[in-house]
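The values are calculated or read from the model by the stated rules, or taken from the named source; none is laboratory data. Not measured: the values here are computed from a predicted model. We place every Cβ from the backbone using ideal geometry, glycine too, and count neighbours over all the protein chains shown. Ligands, DNA and RNA are stripped out before the accessible areas are found, and what is left, the full protein with its side chains, is counted by its heavy atoms. Shrake-Rupley method; radii C 1.70, N 1.55, O 1.52, S 1.80 Å.
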Amino acid sequence: LVLVLNTLFFSSRGKLGRYPPWPGKIVNPPKDLKKPRGKKCFFVKFFGTEDHAWIKVEQLKPYHPHKEEMIKINKGKRFQQAVDAVEEFLRKTKGKDQASSHNSNEEKNRRNSSEERGKQSAGEEKRKASLSEGKLKKGTEEGKKRVSSVSSERGSKSPLKRAQDQSPRKRGRPPKDEKDLTIPESSTVKRVMTGTVAGFKWPPSVSEPVKDSDPHFHHFLLSQTEKPAVCYQAITKKLKVCEEETGSTSIQAADSTAINGSITPTDKKIGFLGLGLMGSGIVSNLLKMGHTVTVWNRTAEKCDLFIQEGARLGRTPAEVVSTCDITFACVSDPKAAKDLVLGPSGVLQGIRPGKCYVDMSTVDADTVTELAQVIVSRGGRFLEAPVSGNQQLSNDGMLVILAAGDRGLYEDCSSCFQAMGKTSFFLGEVGNAAKMMLIVNMVQGSFMATIAEGLTLAQVTGQSQQTLLDILNQGQLASIFLDQKCQNILQGNFKPDFYLKYIQKDLRLAIALGDSVNHPTPMAAAANEVYKRAKALDQSDNDMSAVYRAYIH
């Protein structure tokens, strides 16, 4: 167990974050994860989080001697949860140690017995070799010379030495198969893991502040999940802006590490309005990456958790906008978006020249165009930036952001978009992002209804729903979305990850979009009717996968 000093590092979502002194444990990295070059470091898992990082030796302290000091400094709720996780780990480890002590004694006895049998076997082999040599001496003189030569070689070299001399490989170079299995990067960590923590010599002074410019610190991190073989990946990020043939621009993760330390939180003050399923995860990631955030929510109690994490509280939307440089908003539907801007103590009252407003709600193009006009008329800057994803992706900072409007504001938001998402697209003029978002959700909602329809048809025809899922997961339709939603249905767990009422709202708006350009949307229209049926069955506040219940009632 170790104490990691106040440090900058990439979180499991691939975003730059800062932790106060935090408990962790040294673990073995995955085989395909290279150890950073430069200073000596270890792979550490942070308790109470899903974060891992390569941490330099001088940033580590032994946990137990500094535990009380650390608890006095840190009073946050998440930190207490981390300490509780440490204690739980220690209790489990103590139980395992007692069991392994008994097993190790038995193993030692077995090894001693095995060694004794090995010695007896070696003696028998030696006697057989002597008899063989005696028989060879009765042969021809030429044979005697060969035997003499072999005997001389046996006397001067060990079997291992002879094997090395006879091998055609160059000295010091392992065979190809062995080389593939060798992981030199993890050998140091392995020694620490197999030995005791007390056996590790900690440096006399570890209080030096971490320098952001350290070229060997921003390396690899991974997310620990139930399926590590699928999820292990190098997720350190650096932004790049790439122009596409369509004219859209995307800010997205590059394959290279941010060695130059260019990924840093903006120094602008950030405001955030709306702490629902999506907004809560977004704000959490903004704070974790080091942004200064002021929050407001219609239900004020939802702000408490973020205040504990370092956010500031705004009393009204107008106050948040007036005190912040860039204000984001994420609310449920067109009416809520308009009320937030145009209502009493709303966003518009806080807008003055230079203030920036970013609407992340999924609404129709007409609504977002109207909001843009009133914001700009007051001298403000406007960007629409609806997000594709769900609660889990929001929490993990893996949303896809679709933006349109003020291009300069889009670029000013780059560090915020890094914190909340894996990719963002700039789609041009206001309204384009709203249209694209509705099309994306139309496809998603229709697909979800089809999944539910297939599972119910399997059930009524006597087929196994689990087998259907297994078959789909082995085919071209295999996806995380498919697997998660089918599991929700099979387990009867409809805890909302994306509210059913919101996907139905998006289908309705997408159909209206098609009508506005005289384009048929019969598949979306059929799916919309099924979701309306599910809403009539009181499934509005459940996950979208609860559309399944529309087929069984």
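See the values below:
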{"quantity": "Residue-span extension gain [K96 to F481] - 0.36 nm each, minus C-alpha spacing", "calculated": "134.8 nm"}
{"quantity": "Test item: Cα-centred dipole of segment 266-429, Lys/Arg +1 and Asp/Glu -1 on Cβ, debye", "calculated": "380 debye"}
{"quantity": "Candidate residues H66, H291: accessible-area rank, largest first, probe 1.4 Å", "calculated": "H66, H291"}
{"quantity": "HN-Hα J in Hz across segment 368-382 - Karplus 6.51, -1.76, 1.60, θ = phi - 60°, x for Gly and Pro", "calculated": "5, 5, 4, 5, 4, 5, 6, 5, 5, 5, 9, x, x, 10, 10"}
{"quantity": "Rounded to whole Hz, the Karplus (6.51, -1.76, 1.60) HN-Hα couplings of segment 426-440, x for glycine and proline", "calculated": "9, 10, x, 6, 4, x, 5, 5, 4, 4, 4, 5, 5, 5, 4"}
{"quantity": "Per residue solvent-accessible surface (Å²) - segment 266-429, probe of 1.4 Å", "calculated": "37 Å²"}
{"quantity": "Accessible heavy-atom area order of M420, M436, highest first, probe of 1.4 Å", "calculated": "M436, M420"}
{"quantity": "Computed lengthening from T423 to F89, 0.36 nm per intervening residue step minus Cα-Cα distance", "calculated": "116.6 nm"}
{"quantity": "Separation between Cα centres of segment 444-483 and segment 484-532, rounded to whole Å", "calculated": "16 Å"}
{"quantity": "Estimated inter-spin distance, L457 and L537, nm [label 7 Å along Cα→Cβ]", "calculated": "1.7 nm"}
{"quantity": "Other-chain or far-sequence residues with amide H under 5 Å of G421's (modelled H)", "calculated": "L399"}
{"quantity": "Nearest-10 value in Å² for the accessible area of W296, using the 1.4 Å probe", "calculated": "50 Å²"}
{"quantity": "Nearest-0.05 FRET efficiency for D267 and R352, computed from C-beta distance (R0 30 Å)", "calculated": "0.90"}
{"quantity": "Label point at T323 placed 7 Å out along Cα→Cβ; residues across segment 330-358 whose backbone nitrogen lies under 18 Å", "calculated": "345-352, 355-357"}
{"quantity": "Within the accessible area of segment 266-429 (1.4 Å probe), percent carbon and sulfur", "calculated": "48 percent"}
{"quantity": "Estimated FRET transfer efficiency (E529, Q373; beta-carbon r; R0 41 Å; 0.05)", "calculated": "0.75"}
{"quantity": "Accessible area (Å², 1.4 Å probe, nearest 10) - H553", "calculated": "130 Å²"}
{"quantity": "Whole-Hz couplings from phi, Karplus 6.51/-1.76/1.60, listed for segment 535-545; x for Gly and Pro", "calculated": "5, 5, 8, 6, 9, 4, 8, 8, 5, 4, 5"}
{"quantity": "Per principal axis, descending, Cα span of segment 266-429 in whole Å", "calculated": "36, 32, 30"}
{"quantity": "Cα shape, segment 437-550, gyration tensor, a/c 1.5 rule", "calculated": "prolate"}
{"quantity": "Protection proxy ranking, peptides 367-377, 324-334, 459-469, average beta carbon neighbours within 10 Å, highest first", "calculated": "324-334, 367-377, 459-469"}
{"quantity": "Ordering of 488-494, 397-403 by burial proxy (mean other Cβ atoms within 10 Å per residue, highest first)", "calculated": "397-403, 488-494"}
{"quantity": "Of K31/K288; K302/K505; K355/K501; K485/K532; K288/K422, pairs whose Cα-Cα distance is over 26 Å", "calculated": "K31/K288; K355/K501"}
{"quantity": "Under 5 Å, built H, 5+ apart or other chain: amide partners of T292", "calculated": "I270"}
